[in-house]
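Participant: Here's a structure for you.
The values are calculated or read from the model by the stated rules, or taken from the named source; none is laboratory data. This is a predicted model, so every value here is computed, not measured. Cβ atoms come from the backbone with ideal geometry, glycine included; neighbour counts cover every protein chain shown. Side chains included, ligands, DNA and RNA excluded: accessible areas come from the protein's heavy atoms. Shrake-Rupley method; radii C 1.70, N 1.55, O 1.52, S 1.80 Å.
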Amino acid sequence: MKTLLFQTLSKRNRLLILGVGLVLLAVYLIPIWSISISAPQYPEGLGMHIWINQITGATPYDLKNINLLNHYIGMQEIVSESIPELLFMPYVLGYLIFGAFVTELYPKVGMAILGIINLIFVGLVGLSDFWRWEYNYGHNLNPEAPIIIEGMAYQPPLLGCKVMLNITACSYPSYGGMILGLSLVVLVYILWDENRRKKSNVV
């Protein structure tokens, strides 16, 4: 394993990692997660996008209407400023991109492994933080809300769909989240390919 860490990446794999870094730049421009809501009051549905640094509605009025629904059941208003993680996530993404570009200058398998570790860590922490944020919004309700149902919580799903009263909420990765996941797959492939190349050279 030690020799694999310092093995020089093949030219193709170096280009793949460079490509990962370039494609990750797109995550600054597209949402990483999306939540959709359907309710009788809004038959056309409502949507909310989570970006690397902000939360927006799928349309200019969606977030306002989602907050209006939340007000009636006692949930806090959803605003970007209430999620401090959005302040430093752009820098975390920048660190990942920087690592991909540095690998072009220091093309060792160990750098690809570091990228895998970083992406898994960021993904797990991000999902854990997202779940905690959803839990707080769904459970810390205003006791003076217009609609109160004893024992009812409104935590949206982390992944998939969930019915709460007459509201159905669905939560899935958006294009930015897919790019992050695909980047991890590419790095794992590179590690597999380099390990295969090392074994073939030994033989």
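Participant: Need the C-alpha centroid separation for segment 180-203 versus segment 111-166, integer Å.
Facilitator: One Cα centre to the other: 34 Å.
Participant: Now, a different point. I'd like to check one number: the per residue accessible area of the chain, probe 1.4 Å, reported in Å² as a whole number.
Facilitator: Result: 58 Å² per residue.
Participant: I've got another one for you. Taking loop as defined by DSSP and a crowding limit of 11 other beta carbons within 10 Å, which GluC sites (Glu not before Pro) in segment 109-203 fit?
Facilitator: Glu144, Glu150
Participant: To the nearest 10 degrees, how steeply does helix 85-105 sit against the main Cα axis of the chain, on a 0 to 90 scale?
Facilitator: The two axes meet at around 10 degrees.
Participant: When the helices in the chain are scored as -39500 (n - 2.57) per DSSP H run of 4 or longer and the sum is shared across all residues, what 222 nm value do you end up with, to the nearest 500 deg cm²/dmol?
Facilitator: -18500 deg cm²/dmol
Participant: Can you pull out the chymotrypsin sites (Phe, Trp or Tyr not before Pro) in segment 1-46 that DSSP calls coil and that have at most 12 other Cβ atoms within 10 Å?
Facilitator: Answer by residue number: Phe6.
Participant: Now for a different question. Hull surface divided by four, with the convex hull built on the Cα atoms of the chain: how many nm²?
Facilitator: Its Cα hull, projected and averaged over all orientations, spans 13.3 nm².
Participant: I need the fraction of alpha carbon pairs in segment 37-132 separated by more than 21 Å, rounded to a whole percent.
Facilitator: 50
Participant: Going by alpha carbons, how many degrees (0 to 90, nearest 10) lie between the helix axis of 109-139 and the longest principal axis of the chain?
Facilitator: Helix 109-139 and the main axis of the chain meet at about 10 degrees.
Participant: Moving on. When the chain is fully extended, how far beyond the present Cα-Cα distance does Glu44 get from Leu15, taking 0.36 nm per residue of separation?
Facilitator: Length difference between fully extended and current span is 6.0 nm.
Participant: Spin-label point model (7 Å from Cα, Cβ direction): what's the Phe6 to Asn166 distance in nm?
Facilitator: Roughly 6.9 nm, to one decimal.
Participant: Next up: Measure nothing but the geometry: give the 0 to 90° angle between the long axis through the Cα atoms of 175-202 and the longest principal axis through the Cα atoms of the chain, rounded to 10°.
Facilitator: 20
Participant: Right, next: Using a 7 Å offset from the Cα along the Cα-to-Cβ direction at both Gln76 and Tyr135, what is the distance between the two label points in nm, to one decimal?
Facilitator: Label-label distance for Gln76 and Tyr135, simple model: 1.4 nm.
Participant: Lysine pairs in the chain with alpha-carbon atoms under 17 Å apart, 8 or more places apart or on different chains: how many are there?
Facilitator: Step by step, the pairs that qualify in the chain add up to 7.
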